1. Condition first: within 16 Å of ligand 3 (Cβ to nearest atom) and under 16 Å from the mean Cα position of the chain (by Cα). Now tell me which residues in the range 304-330 satisfy that.
2. Write out, first by first residue and then by second, each pair whose Cβ atoms fall under 8 Å of each other, whose residues are 6+ apart or on separate chains, and whose first residue, in the range 32-56, is under 13 Å from residue 298 (Cα atoms) and of a type in the set (Lys, Arg) while the second is in a strand (DSSP E or B) and within 12 Å of ligand 2 (Cβ to nearest atom).
3. Could you tell me whether the range 91-113 includes any residue that is at pLDDT below 95, part of a loop (DSSP other than H, G, I, E, B) and out of contact with any Leu (no Cβ under 8 Å at 6 or more places or on another chain)?
4. What is the residue count in the range 164-211 for residues that are under 22 Å from residue 152 (Cα atoms) and hydroxyl-bearing (Ser, Thr, Tyr)?
5. Anything in the range 31-74 that is crowded, with 24+ Cβ neighbours inside 10 Å, closer than 19 Å to residue 273 by Cα and within 11 Å of ligand 1 (Cβ to nearest atom)? List them, or say none.
6. Given the criteria surrounded by 16 or more Cβ atoms within 10 Å (Cβ to Cβ) and either acidic (Asp, Glu) or assigned by the TED database to the domain that holds residue 15 (or both), does residue 398 qualify?
7. Mind telling me which of the residues 222, 215, 251 ends up being within 16 Å of ligand 3 (Cβ to nearest atom) and touching a residue at least 12 places away in the same chain (Cβ under 8 Å)?
8. So which strands (runs of 3 or more DSSP E) stay within the range 256-368 end to end and still have 3 or more residues that are surrounded by fewer than 23 Cβ atoms within 10 Å (Cβ to Cβ) and out of contact with any Pro (no Cβ under 8 Å at 6 or more places or on another chain)?
Amino acid sequence: MTVDLLLGLQWGDEGKGKIVDVLTSKYDIIARFQGGPNAGHTLEFDGIKHVLRTIPSGIFHKTAINIIGNGVVIDPVVFQKELEGLEKFNMDVKSKLLISRKAHLILPTHRLLDAASEASKGKAKIGSTLKGIGPTYMDKTGRNGIRVGDIELGDFKERYRALADKHEAMIAFYDVDMQYNLQEMEAEFFEAVEVLKTLQFIDSEEYLNNAMKAGKSILAEGAQGSLLDIDFGTYPFVTSSNTTAAGACTGLGIAPNKVKDVFGIFKAYTTRVGSGPFPTELFDEDGQTMARVGNEFGAVTGRPRRCGWLDLVALKYAVQVNGVTQLFMMKGDVLSGFDTLKVCTGYKYKGEVISHLPYNIEEENVTPIFIEKKGWQADLTGMTKYDELPVELKEYIEFIEKEVEVPIKVVSVGPDRTQTILK
Ligand code: GDP
Ligand code: IMO
Ligand code: MG
């Protein structure tokens, strides 16, 4: 058996949670491969909205096993809250959630370091979610990190202390004004570690490869989006993991030749939360309409998301880096009511017109070139079949398919599980 991947092609929040939930009935295992509680994956069904942070979006299905892979970074404190939130719905999470021993832990001081680093950057700040992601991955690659498996060792507390003491010295080095009570944060952390310990820790690469041999189907769930990838995103305004397809191999221990389909998910327009370049960003009424109708506020931080037109230059780049085999278009319903839609098909870059993503897409280097498409007025949210969609939307879809050269197989027309149209 092989593995399919589902990942975001823009700057995150494309609707990954919703689609993983929709697809879960087709898979035996859902596995998160990178990122941490900077992610907020929203699912809606039966009139209830759930936001998942570290737990894979297959958790609401009875049979699927959910795995938090080695590439993920886990904050026990956030995890405990997430678990308790799900248990309120009488869900038996523990029997179907497995955690990689090789996943790294986010310590309270990682969160503090994130805040200190951002504060020291002033206007140049990344706009981090401040969940400690960057400092935790730094400790991972710097070979100083603490992993889930270390919780089972006798000297976990000593390891913790040594690293936290080092972090405190680093926080002092930043010399920024920060108020915190580390003792309280540590008490909360160790209580949460006890909760984490009640879950099943596994050697997830072994588990997943054995599952494949036994004929089980696996869907790997990405977090963030391709343009936030540490290598291929809009560096330094990125997250600290590989959000692209290769990250699923390193984040789960799955060989590249085991990957079959790569589902690339994108919004019918573009959003970004946090700082960094965004060539098609709108500062006018159209952008405000997208934000209002699309309810574009971060699922984790509540920050307003910046909105703009669809950027095909960036989309093609993400499709290429990931080897996307099928596209899923989200939030088509949000564009209902516009007379005219714009789509970016190229950039003016240093006096030339280019159709690839250059090294530097800062505003002063790149001017987007737009073409116009006719909008549609109909409310899509009650539609269930592709044939029902307005002709202008079908033309919009066909135009994207032609430009990007990958078929759009799913059109999402609302946040609910049921508002999903297969093409
Ligand atoms: P993720 O991080 O990729 O899982 O996406 P988020 O959950 O952060 O953000 C997507 C938001 O859009 C959530 O509030 C979803 O409920 C919502 N959503 C998903 N698909 C659609 C859609 O097709 N239409 C509308 N209107 N909302 C959607
Ligand atoms: P999901 O999985 C959107 C953004 C932050 C910031 C940058 C770095 O829900 O799509 P970090 O916390 O990693 O230091 O933040 O990345 N960011 C996201 N934006 N969706 C996300 O996740 C994000 N995770 C991080 O806003 O600009
Ligand atoms: Mg999100």
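The values are calculated or read from the model by the stated rules, or taken from the named source; none is laboratory data. Since we're looking at a predicted model, the values are computed, not measured. Cβ coordinates were reconstructed from backbone atoms using ideal geometry, including for glycine residues, and neighbour counts include every protein chain displayed.
1. Here is the first cut: in the range 304-330, the residues within 16 Å of ligand 3 (Cβ to nearest atom) are 304-307, 328, 330.
Within the range 304-330, 305, 328, 330 qualify.
2. So the pair list comes out as 53/41.
3. yes
4. The initial filter retains those residues of the range 164-211 that are under 22 Å from residue 152 (Cα atoms), namely 164-165, 185-208.
Adding the requirement that they be hydroxyl-bearing (Ser, Thr, Tyr) leaves 198, 204, 207.
Qualifying residue count for the region: 3.
5. Those that are crowded, with 24+ Cβ neighbours inside 10 Å, closer than 19 Å to residue 273 by Cα and within 11 Å of ligand 1 (Cβ to nearest atom): 35, 38, 39, 41, 52.
6. no
7. Values: 215 fails: within 16 Å of ligand 3 (Cβ to nearest atom); 251 fails: within 16 Å of ligand 3 (Cβ to nearest atom).
Step by step, each of 222, 215, 251 is checked, and only 222 is within 16 Å of ligand 3 (Cβ to nearest atom) and touching a residue at least 12 places away in the same chain (Cβ under 8 Å).
8. 259-267, 340-349, 352-354
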